[in-house]
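The values are calculated or read from the model by the stated rules, or taken from the named source; none is laboratory data. Source: prediction; values computed, not measured. Neighbour counts are summed over all protein chains in view; Cβ atoms, including those assigned to glycine, are modelled from backbone coordinates with ideal geometry. The protein model used for the area step is the full one, side chains on, heavy atoms only, and it has no ligands, DNA or RNA in it. Shrake-Rupley method; radii C 1.70, N 1.55, O 1.52, S 1.80 Å.
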Amino acid sequence: MIGATIVFALQDGISRHLAGTYNTYMVVMIRYWFFAAFVVALAARSSGGIAAAARTRQPGLQILRGLLLAGEICVAVYGFTVLGLIESQAVFICYPLLVAALSGPVLGEKVGWRRWAAIGVGCIGVLIILQPGMGVFNPWAIIPLISAFMFALYGLLTRYAARQDSTATSFFWTGVVGAVGMTAIGMWFWEPMVPRDWGWMALLCVTGATGHWLLIKCYEMAEASAVQPFAYFHLMWTAILAITIFGETLRLAVIVGTVLIVSAGLFTLWRERQQG
């Protein structure tokens, strides 16, 4: 999981560089081409081949999941360019709390008062970061919050889909649907890319596939609830990259808010594990 967070942090940095120069839709489209090729190759090597991986009783749900994740990635990458990596990730990491909050209405799961209290603490952390009552409030800060909401909804729909479909099937539909959807949009925003940036694009594609492969291997060997706390290392690697490469600064409000969000998120994960 720690290895995956390192790879995803690098992916965030490369995405910010490319999307700061080229259209976000085009960058995400090319990234999805490689992602789709990756999931098709995995499916072809699995038992039953591509036909087995693509077989589902809920195609509408799988298509919605794929499009939702593709849209979330576009929103997140755009947020990197207008808000920076640190500010974006500090707000985005509240998504486990949103998953807990939405698990009731979406999945019918019971959320106790302790987890609701943790969700409230996390919301306070987000407000500290956003500083909506201050004169320095940046309206662009809402972007990573939208991204977190979309990713939380995607995660809940994935859990719902898992009631009938395997992980391999959901993974296959995620890559293929995302690639088709992004191609339909991104092809209208194509821009010439200099050779050096094609190298960065190739590295972005490789890191995307590598990160997902590491996550798959991680979840094969350990329970998700056991390794999920280590996912918060993603924020630390991203902050290091943002400060050293992009010259971003770390505000005190971001530190305080992030501590509250991470603490609330860890408590929520612990409560889910206890309930399980």
Response to the item:
Taking the stretch 225-274 and keeping residues farther than 23 Å from ALA117 by Cα and polar (S, T, N, Q) leaves THR238, THR244, THR249
Worksheet item: Which residue, of THR207, THR183, THR258, THR167, is open to solvent by 40 Å² or more (accessible area, probe 1.4 Å) and within 23 Å of THR81 (Cβ to Cβ)?
Response: THR183
Discussion item. Quick test of your reading of the structure: ALA202 fulfils all but one of (1) closer than 29 Å to LEU269 by Cα; (2) open to solvent by 40 Å² or more (accessible area, probe 1.4 Å). Name the failing condition by number.
Written reply: (1)
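Is at least one residue of the stretch 188-198 within 30 Å of SER103 (Cα to Cα) and buried (at least 16 other Cβ atoms within 10 Å of the Cβ)? Step through it out loud before you land on a result.
Within the stretch 188-198, the subset within 30 Å of SER103 (Cα to Cα) is none.
Looking through the stretch 188-198, none of the residues is within 30 Å of SER103 (Cα to Cα) and buried (at least 16 other Cβ atoms within 10 Å of the Cβ).
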Worksheet item: What number goes with the only condition from (1) of a type outside the set (Ser, Thr, Tyr); (2) out of contact with any Leu (no Cβ under 6 Å at 6 or more places or on another chain); (3) open to solvent by less than 50 Å² (accessible area, probe 1.4 Å) that PHE151 does not pass?
Response: (3)
Response to the item:
Sole miss for VAL82 among (1) modelled with pLDDT under 90; (2) of a type in the set (Val, Ile, Thr); (3) open to solvent by less than 40 Å² (accessible area, probe 1.4 Å) is condition (3)
Worksheet item: What number goes with the only condition from (1) of a type outside the set (Asp, Glu); (2) closer than 30 Å to VAL39 by Cα; (3) open to solvent by 60 Å² or more (accessible area, probe 1.4 Å) that ARG114 does not pass?
Response: (2)
Worksheet item: Wholly within the stretch 209-276, which helices (runs of 4 or more DSSP H) include no fewer than the required count, namely at least 1 residues that are within 26 Å of HIS17 (Cβ to Cβ) and at pLDDT 85 or above?
Response: 233-245, 252-275
Response to the item:
Turns out the helices (runs of 4 or more DSSP H) fully within the stretch 1-83 with at least 2 residues that are within 26 Å of ASP197 (Cα to Cα) and not hydroxyl-bearing (Ser, Thr, Tyr) are 2-19, 24-45, 59-83
